[in-house]
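Report on one structure; see the data block that follows.
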Amino acid sequence: MSEPILEMRGVEKRFGGVRAIDEFSLKVEPGMVYGLIGPNGAGKTTIFNTITGIYHVDAGKILFQGKDITKVEPHQAARLGIARTFQNIRLFGNLSVKSNVEISCNMNAGYHLGDALLRTPRYRRVTKETEERAMEFLKIVGLADKGEERASSLPYGHQRKLEIARAMATNPKLLLLDEPAAGMNADESLELVEFIRELKERFQITILMIEHHMDVVTSLCDACTVLNFGKTLAAGTVEEIKKNPEVIAAYLGGDE
Amino acid sequence: MAQELLRVEHLSAAYGGIHALHDISLEVEEGEIVAVLGANGAGKSTLLKCLSGEKKFLNGSITFDGKPLPSKPYQVVENGMVIVPEGRQIFYKLSVKDNLKVGCCLRNDKDGIRKDFERVYAMFPRLKERENQYGGLLSGGEQQMLAIARGLMAKPRLLMLDEPGLGLAPIIVNQIMDILKEVNEEGTTILLIEQNARKALKLCDRAYLMNVGNIVTEGTGKELLADSTLMEAYLGQ
Amino acid sequence: QDLDTENPIKIGYVGALSGDTALWGQAGLNGMELTAKQINEEGGILGREVQIIGLDGKGAPDDSVTAYKKLVEEEGVCAVVGTNFSSCNIAIAAVADELEVPVIATAASNDQVTVDSDGNLHPYSFRLCFIDSYMGYLAGTYAYDELGLKTCAVIEDITDSYSTSVGDYMVQTFTDLGGELVASEEAQNGDNDFRAQLTKIAAAQPDVVFIPWNYENVCLIAQQARELGITSVFFGADGWDTTELIDLSNGALEGCYYVSRPGFNLPDAAAYGEVYQKEYNVALESECLYGNDGVQWIKQAIEAAGSDDPKAIRDQLEATDSFDGLLGHMSVDPETHNPSRDAAIFEVKDNEVQYVGIYDPESK
Amino acid sequence: MKILIQQIITGISIGSVYALIASGYALVYSLLDFSNWAHGEVCMLGAYVCFMATTVNNMPYWLSCVLGIGGAAVISFLNEKIAYRKIRNNGSPNMFLMIAAMGLSTTYQNLANVIWGSKFKQLPKIFSVGTINFDGIYIGTTDMLCLGLSAVALVILLLIINKSKFGLHVRAVACSSRTAGLLGVKIDRVIAVVFMLAGALAGLAGIMYGMKYNIYPTMGNVGLKAFIASVIGGLGSVPGAIAGAVLLGLIETVVSGYISSGLRDLISFCLLILILLVRPSGLFGVDVQEKA
Amino acid sequence: MLNSFQEGVLIICCVNMIAVLGMSVLTGFTRLFSFGNAGFMSIGAYAAAICSVEYHMPFVVSILIGAAAAGAVSYVLGSLTIRLRGDYFLISCLGFGECVRVLFNYTKNITGGANGYSNIPYKTTGIVAVICTVLAFIIAWNFIHSRYGQALSAIRENELAAAANGINVVRYKKMSFVFSAIYAGWAGGLYAHYLRFITPTLFNLGKSSELVITTVLGGLGSLTGSVLGTIIVQILPEIFRSMSEYRMLFYGIAVVLMILLRPDGLYGYREFSLKRLIARITNPGKSKTAKEQK
Ligand SMILES: Nc1ncnc2c1ncn2[C@@H]1O[C@H](COP(=O)(O)OP(=O)(O)OP(=O)(O)O)[C@@H](O)[C@H]1O
Ligand SMILES: Nc1ncnc2c1ncn2[C@@H]1O[C@H](COP(=O)(O)OP(=O)(O)OP(=O)(O)O)[C@@H](O)[C@H]1O
Ligand SMILES: [Mg+2]
Ligand SMILES: [Mg+2]
């Protein structure tokens, strides 16, 4: 087995008296789609926030490709190759759909302030490349024809896709998706599953995903962890987990 | 026959140049649960925005309890129609308790309010635990619970919910359906938008199916569930 | 009668006509217009009608420069009166030298209004008022020599060049004569609570406190000082010179002095004040007298030159060895363009501003 | 020692005037999340109304005060009704409200200049007939009154905001007026009442201020101090604003008294930055952000 | 040719435009409000003036030093305050601006204090001012349309998302703060060499708010809007100059009306484009819907 791309060791995060994550450990192998599920308020989003540096943990360690990223800032996390989407969509609402993606592409754009101010040939070339790259991502998510629209005027489902495109444009190795299928109907969820699979194949990325739609989790995830009160309730393949009585009692409920 | 509570006739609405609703007509009878289903961008939320007085519509009419819908959102609430809006819309600087208090801002029956507090806390024990936390610091799902609970606190005649199951754990979604059933049995009429068509149809008395700003069909929940071509065409199931 | 109205003599006015110092700007302009009306009734200047054109300089150097330029370039005035702010006139001075149209400052008392910081004369800049150093000198001498006070304190507005330079000169003269400075405090334009500074002054117990401010702040400072138990004599300069001093000070200035030019106490000015009151229905301000004197002085210069050519006017202004206006008699020092005129001491006594007399330490 | 006590007393009394202005200012901030830069001008207009009533129309002083306070409330309400409401309904960013307020403040200042001229006017000084002398330490009566009034205003505002149903509605609207409307809160009315309340406070502050220092068109500039005070205390927090105001008054006097009156503002500013570096939301401010 | 009055108005307009362009980058694109930019202007003005007068440096060098001085100070200030949010940042800038003014008043020996600093050579002619403005516009335009400018817009829209997409929020905010300060310093240096005399009061809070108001009126997020805004704010009062006491009153009312009637400013979020103007003239119906969509 190869080295895990993401590893969390005994991570703890408290908010006042609330232990949002407690002694949490996790290993994600490269190339997998890993699911993170659990009841509301179990601490899933908080885990994402600690990985991406939005919150800093109170105890424990987070390793990314063997490197300690416990104390990184959000933009550093992005530069290391961790991209994410947000549970409450956070687009650059007043900017065009295309700019949203371009801004992410820019992370790796190779020109300097001097180039920009003087519009050197390098600036022109890189800008053109960036634009093309952005369009490519828009094509992948099927928003190519909406490039000039304001991001906030897109319907909810499209906004989700745009957020994914934007995250992908940073060229990540690990993609964190926070409830990508929220607000989608069954059909759309299926489409999303296909889309995420395609992304994974095409860009060779690892995906860590929070999701409440069990059919999405079932069809995508190679393995998953169930979280409850900040602690691991169960971990394993989706099939195993679905049969786990504790998980059923705490999370799935009767009929699914 | 039950009495008609809400009637929407030939409603159309637009955002700038984009038409989001074309000539929509529907009605809700007292005591019913009516679901509105449809894909992303079909215009469901826009419909509820019109009904809650938040969005001005272009044409058509809305009558509630025989009277035309007033123009200000708070007047709509005074009439007894309350919405649980899309995207939770929690008062993030208010505590959970205060959020709920705002929910019942038009009520004056102290005892009733106290009882309802107990009741929603019983429905969502999570909220009781977080009673004094700022709403904005709740997890996504907890916020959703709070939004629903806040809507219930208003004790409306017609409760409108825009995707109440969004971001909730499956077990909670099931609970919510039960809660809605219960509330309905106590006399509240419900207009529900839900992405999980199967669950919604099981719950509702009648449903409307929307597609890109139009109503394509209507029927009882059972009828629609049984119509597999329809389900596949519009809901992908 | 046979007034030439086709070909008027245009005199410009730059001053703050808007904003919080508009009162004085308006007063200056009114004074000029009243005087022009009187002159026109008496046959104008060289038989030509006098026209006053007033433009707003907002009391700011940049706006005043623009207003001056507009008066010269677009309105074709032959001379400009204004402003009452040193900073505005310092900025205008360099421009005036280029456009070659004389400007007569009213209350702008900073040395640099007519002579730049290297000591070069601005040939086209003149003024009607005392310079700061002279007022400071008079106040310091009078306080030490005549009143026999031995220790002093000062409170200055550090954002106002008038206040700082008059204050510095007062203190310097006083200490040069042998007095002692026991407290030196600063405040800023816009402040209206001075008790922190005054508490320190109170502790130093000076014989005299120099307050080179505008009368409104003087009244606040004086009242607050009395509230804190300060019993010293307060001494000020021409910023105190107003009819409202008594009203606003609520008795806090009893027994205090200031130095200024004769003005309201002169019979001519009083008569003018009555006409002015009738015409505009507001009280006379010293700025009106300045406005009047500005116009009259220009009239005298034009008549002496026999033309309204700006250069000729300038030469005549520079050569003025006697001009009698409502503010008394004056002559001009051609080296500095500063007027030399009588200075008077005023005392607040029995709830009234009393004219003590002309004061000239040299003559003693 | 005596000087120190005197300085502290002076500081507190200067601060108490700031406090009275800051409380109304903080009230509006807490509601609409914007700095109402016209607040100082409402104080000014209130003071002028009172002045016109007493000196020109010879009304009794208490009635003039009531008129001044009422007038300020009405003006504040009109600001909301004519300008702010429309901007809010336009859905413009909050900063636009601030810019509009700046425009209003310029307008009122110059209007006052045109109507009353820029000269100082005096209100009858019924309270400042003297200072109380405690063994060489002087305490102004107006100051004590201001401090008392700020304290009363603080208590009343705190009760209203935290304990009453109206206060809850105010806080809800402050957080999201859209959602509050959807839940049945009469947003426009709530906001209008808050503006009237803030206006009344402004009028009161203006009259107190006028009694102490005379009234003139630019007296509203002291609103800036109130703004700084509320920032020190934490924007939107009424107790914070009042604490910040007293603190600012103290800092200013102590700096003037013991370091340098010329560098007073510089040093107070450095302290402000220092406070903000330690507590980026001011002393009492809480910064609740929507979580990621 | 222009007479000296017209040239003067042109120069003042150009100088302000440079400062407003800097402001536009900071406020329009990054959505940081600074009421201290007059302070940076004064730093630029005094530094440039002192270089010219005391050290007889060439004009260009003085201006560059002035701009650099303003930039350096803003860097230090920004390092401390850029993390503050909203009004807290605003007040720190405001306080800074006032402090600079007090400091210049206080340091009489160097700056002349309230007496002002005079005898500065007249170097900012109409041509110089116009060239500088064009240069300032091109630089700002290139900056805004590069990845740097895009990053600033992203920060304006959503800081958290910007950070999650690899943008170092603090660094970029500071960059735009320094950018606006350099522009202010540049404008200040030019101003000193136009007026030949500077005093601290020229750069008071009123000046800072004028810059902000101009930027907002021009339209947040639009450089061409800022240009237009400056022209209106500078030229309009010139027309009213003879209306004296009502002048500032009208200005205040105009500001309120503009905000009410054109909430996005003259050109909010968009740049003026000749193409669109032509399209609107030739096809009025279509461009109207485009506007409504906003
Ligand atoms: N910034 C914060 N301050 C205080 N409490 C917080 C904060 N962020 C999260 N919490 C609390 O931590 C717990 C975990 O929240 P988190 O958002 O991680 O849940 P989640 O697993 O993502 O739930 P959901 O599925 O509902 O989104 C919740 O109970 C929440 O109230
Ligand atoms: N604020 C807005 N500005 C412009 N267009 C909008 C806006 N809100 C919605 N729309 C458009 O109106 C149409 C209907 O949107 P609506 O939100 O009502 O859909 P929905 O059925 O609720 O979809 P979802 O299931 O994604 O919530 C969509 O095409 C959407 O793009
Ligand atoms: Mg979550
Ligand atoms: Mg919707």
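Every number here is computed from the coordinates shown, using simple stated rules; none is lab data. Computed from a prediction, not measured in an experiment: that's the story for all the values here. So basically every Cβ, Gly included, is an ideal-geometry build from the backbone, and we count neighbours across all protein chains shown.
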Just to confirm my numbers, what's the Cα centroid distance between region B:155-185 and region C:101-153 in Å? 84 Å
Tabulate in residue order the Karplus-calculated ³J(HN,Hα) for region C:77-88, using 6.51 cos²θ - 1.76 cosθ + 1.60 with θ = phi - 60°, rounded to whole Hz; enter x for Gly and Pro. 6, 9, 7, 10, 10, x, 9, 9, 10, 4, 4, 5
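How high is the relative contact order of chain D, in percent, with contacts defined as C-alpha pairs under 8 Å that are six or more residues apart? Don't jump to the answer; show the numbers that get you there.
Working: 500 pairs, mean separation 106.3, N = 292.
Value for chain D: 36 percent.
If you count the DSSP beta bridges with both ends in chain B, what percent of them are antiparallel, to the nearest 5?
Values: 22 of 40 bridges.
Percent antiparallel among DSSP bridges in chain B is about 55.
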Could you work out the relative contact order of chain C? I mean the mean sequence separation of Cα pairs under 8 Å and 6+ apart, divided by the number of residues, in percent. 16 percent
Please work out the C-alpha center-to-center distance from region E:175-222 to region C:185-209 and express it in whole Å. 34 Å
Reachable lysines from A:Lys98, criterion Cα separation under 25 angstrom, eight or more residues apart if same chain: A:Lys128, A:Lys139, A:Lys146, A:Lys161, A:Lys173, A:Lys200, E:Lys173, E:Lys275, E:Lys286, E:Lys288, E:Lys291, E:Lys294
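From the helices alone, meaning DSSP H stretches of at least four residues, give me the mean residue ellipticity at 222 nm for the protein assembly as shown, per-run term -39500 (n - 2.57), in deg cm²/dmol to the nearest 500. Can you show the working numbers first?
Working: 55 runs with 736 residues, N = 1443.
Taking each H run of at least 4 residues, the total per residue is -16500 deg cm²/dmol.
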Taking every residue in E:99-112, how many Cβ atoms of other protein chains lie within 10 Å of its Cβ, on average? 4
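Provide the FRET efficiency to the nearest 0.05 for the C:Tyr280-D:Met59 pair, computing r from the beta carbons and using R0 = 30 Å. Present the calculation step by step, with values, prior to reporting the outcome.
Details: r = 28 Å, r/R0 = 0.94.
E between C:Tyr280 and D:Met59, to the nearest 0.05, is 0.60.
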Nitroxide proxy distance, nm - points 7 Å out along Cα→Cβ at A:Ser152 and E:Asn109: 5.5 nm
Listing E:Trp141, D:Trp62, C:Trp24, E:Trp186 from the residue with the fewest other Cβ atoms within 10 Å to the one with the most, what is the order? D:Trp62, E:Trp141, C:Trp24, E:Trp186
Could you derive backbone 3J(HN,Hα) for region B:21-30 from the dihedral phi with the Karplus parameters 6.51, -1.76 and 1.60 (θ = phi - 60°), listing whole Hz in sequence and x where the residue is Gly or Pro? 10, 10, 6, 8, 10, 7, 9, 10, 9, 3
Can you list the aspartates and glutamates whose alpha carbon is less than 20 Å from that of C:Lys70, not counting same-chain residues fewer than 8 positions off? C:Glu33, C:Asp56, C:Asp62, C:Asp97, C:Glu98, C:Glu100, C:Asp308, C:Asp309, E:Glu7, E:Glu238, E:Glu245
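Antiparallel versus total DSSP beta bridges in region C:83-212: what percent is that, nearest 5? All intermediate terms of the calculation are to be shown ahead of the outcome.
On the way: 1 of 14 bridges.
Percent antiparallel among DSSP bridges in region C:83-212 is about 5.
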Please compute the net charge surrounding C:Gly179, taking Lys and Arg as +1 and Asp and Glu as -1 over other residues with Cβ under 12 Å from its Cβ. -3
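Between their Cα atoms, which of D:Lys81/D:Lys225; B:Lys101/D:Lys86; B:Lys49/B:Lys93; B:Lys181/B:Lys202; B:Lys44/B:Lys97 are more than 21 Å away from each other? The partial results should precede the final answer.
On the way: D:Lys81/D:Lys225 26 Å; B:Lys101/D:Lys86 28 Å; B:Lys49/B:Lys93 24 Å; B:Lys181/B:Lys202 11 Å; B:Lys44/B:Lys97 30 Å.
In this structure, D:Lys81/D:Lys225; B:Lys101/D:Lys86; B:Lys49/B:Lys93; B:Lys44/B:Lys97 exceed 21 Å between Cα atoms.
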Largest fluctuation, C:Pro267, C:Pro310, C:Pro123 only, Gaussian network model of chain C with Cα springs under 10 angstrom, belongs to C:Pro267
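Which shape class, rounded, prolate or oblate, goes with the protein assembly as shown when its Cα gyration tensor gives a ≥ b ≥ c as root eigenvalues, a/c under 1.5 marks rounded, and past that a/b bigger than b/c marks prolate? Each step should come with its number before you reach the end.
Numbers: a/c = 2.23, a/b = 1.97, b/c = 1.13.
Because a/c hits 1.5 or more and a/b exceeds b/c, the protein assembly as shown counts as prolate.
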For A:Asn185, enumerate residues with amide H under 5 Å from its amide H, sequence gap 5+ or separate chain, H modeled in the peptide plane. B:Asn40
Using θ = phi - 60° and the Karplus relation 6.51 cos²θ - 1.76 cosθ + 1.60, list the HN-Hα couplings for region C:175-190 in order, rounded to whole Hz, with x at every Gly or Pro. 6, 4, 6, x, x, 10, 8, 9, 7, 10, 10, 10, 9, 10, 3, x
Rounded to the nearest 0.05, what FRET efficiency is calculated for B:Thr229 and D:Lys163 with R0 set to 56 Å and r the Cβ-Cβ distance? 0.40
If amide H atoms are built 1.01 Å from N in the plane of the peptide, which residues on other chains or at least 5 residues away come under 5 Å of the amide H of C:Glu186? C:Glu156, D:Ser261, D:Gly262
Check B:Thr217: other-chain or 5+ apart residues with amide H under 5 Å from its amide H, H built from backbone geometry? B:Leu209
Give the relative contact order (percent, whole number) for region E:4-293; include only Cα pairs under 8 Å separated by 6+ residues. 33 percent
Count charges around A:Tyr156 for me, please; just the other residues with Cβ under 15 Å from its Cβ, Lys/Arg as +1, Asp/Glu as -1. -3
Comparing C:Gly229, C:Gly179, C:Gly12 in a Gaussian network model of chain C (Cα, 10 Å), the one with the largest mean-square fluctuation is C:Gly229
Cβ density ranking, 10 Å radius, fewest first, applied to B:Lys115, D:Lys212 yields B:Lys115, D:Lys212
Counting Lys and Arg as +1 and Asp and Glu as -1 over every other residue whose Cβ sits under 11 Å from the Cβ of E:Thr199, the net charge comes to -1
Within a 10 angstrom radius of the beta carbon, how do B:Leu201, D:Leu263 rank from fewest other beta carbons to most? D:Leu263, B:Leu201
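Please compute the average number of Cβ atoms from other chains found within 10 Å of each residue's Cβ in peptide C:162-171. Write out the running numbers ahead of the final one.
On the way: counts 2, 1, 5, 3, 0, 0, 1, 0, 0, 0.
Counting Cβ atoms of other protein chains within 10 Å of each residue's Cβ and averaging gives 1.
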Gap in Å between the Cα centre of region A:235-251 and the Cα centre of region C:240-317? 97 Å
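For chain D, rounded, prolate or oblate, judged on the Cα gyration tensor with a ≥ b ≥ c (square roots of eigenvalues), a/c < 1.5 rounded, else prolate if a/b > b/c?
Verdict is oblate for chain D.
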Work out the FRET efficiency for C:Ala271 and D:Tyr258 from their Cβ-Cβ distance, taking R0 = 56 Å, and round it to the nearest 0.05. 0.55
Per GNM of chain D with C-alpha springs under 10 angstrom, the most fluctuating residue out of D:Ile156, D:Ile187, D:Ile21 is D:Ile156
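Select from chain D the helices, each a whole stretch of DSSP H, whose alpha-carbon atoms run 24 Å or more along the helix axis and whose Kyte-Doolittle mean is at least 0.0; answer none if there are none. Provide the component values of the computation, followed by the final result.
Values: long enough: D:2-32 (44 Å, 1.43); D:61-78 (25 Å, 1.82); D:94-116 (33 Å, 0.86); D:141-158 (25 Å, 2.09); D:187-213 (38 Å, 1.44); D:238-258 (30 Å, 1.58).
Counting only whole DSSP H runs, the qualifying helices are D:2-32, D:61-78, D:94-116, D:141-158, D:187-213, D:238-258.
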Cα shape, chain B, gyration tensor, a/c 1.5 rule: prolate
Within 10 Å of each Cβ in E:259-266, how many Cβ atoms from other chains are there, averaged over the peptide? 5
